[in-house]
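S.K.: Take a look at this one; I'll ask things after.
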Amino acid sequence: QVRLEESGGGSVQAGESLKLSCAASPWALSSCGMAWYRQSPGKERELVSTISPDGTTTYADSVKGRFTISQDNANNVMYLQMNSLQSEDTAVYYCAAQYVIAASMCTQKVDYNFWGQGTQVTVSS
């Protein structure tokens, strides 16, 4: 069973930075992609950023230019560098991934079937 574990959350002042990590347990199966989501209490879950196995990335408009997603394929770790943090970025951040038996099973739309437990990010203004 694939396990995802987030770390790096904390409390910071507006304008400061944090770097989140998501460690995925090694697995012989194929990854279709990984993503960072975030959710505040009482709010809908929001897709923050995605990264494909080939390194292609996407970002929500609200974080473009401030957040950077990256991955270390050899060590099965995904990162989210968050700069110029704002109070609106306060949320629980989750990493997600899809693993399949064979890469041919992946589709253009990734169905994330593994999730971490989340890490809290609090930004004070």
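S.K.: Give all pairs with beta carbons closer than 9 Å in which a residue from the range 88-110 that is within 25 Å of Glu5 (Cβ to Cβ) and open to solvent by 40 Å² or more (accessible area, probe 1.4 Å) meets a residue that is in a strand (DSSP E or B) and among the aromatic types (Phe, Trp, Tyr); count only pairs at least 6 apart in sequence or on separate chains.
M.R.: These pairs meet every condition: Tyr94/Trp36; Tyr94/Tyr37; Tyr94/Trp115.
S.K.: Does Tyr59 qualify as being open to solvent by 50 Å² or more (accessible area, probe 1.4 Å), in contact with a Gly (Cβ under 9 Å, 6 or more places away or on another chain) and closer than 18 Å to Glu5 by Cβ? Explain how you work it out, then say what you get.
M.R.: Working: open to solvent by 50 Å² or more (accessible area, probe 1.4 Å): yes; in contact with a Gly (Cβ under 9 Å, 6 or more places away or on another chain): yes; closer than 18 Å to Glu5 by Cβ: no.
Taking the combined requirement at face value, the residue does not satisfy it.
S.K.: Still on this structure: I'd like the residue in the range 28-50 that is of a type in the set (A, V, I, L, M, F, W, C) and in contact with a strand residue (DSSP E or B) (Cβ under 6 Å, 6 or more places away or on another chain) and, out of all such residues, is nearest to Phe67 (Cα to Cα).
M.R.: Val48
S.K.: Please give the number of the condition Ser70 fails out of (1) farther than 15 Å from Val110 by Cβ; (2) open to solvent by 60 Å² or more (accessible area, probe 1.4 Å); (3) of a type in the set (Ser, Thr, Tyr).
M.R.: (2)
S.K.: Pick out, from the range 34-114, the strands (runs of 3 or more DSSP E) lying fully within it that include 1 or more residues that are more than 25 Å from Glu16 (Cβ to Cβ), of a type in the set (Gly, Ala, Ser) and under 13 Å from the mean Cα position of the chain (by Cα).
M.R.: Fully inside the range 34-114 and qualifying: 91-100.
The values are calculated or read from the model by the stated rules, or taken from the named source; none is laboratory data. Just so it is clear, the structure is predicted and the values come from calculations on it, not from any experiment. Neighbour counts run over all protein chains shown; Cβ positions are idealised from the backbone, glycine included. We work out accessible area using only protein heavy atoms, side chains counted, and drop any ligands, DNA or RNA first. Shrake-Rupley method; radii C 1.70, N 1.55, O 1.52, S 1.80 Å.
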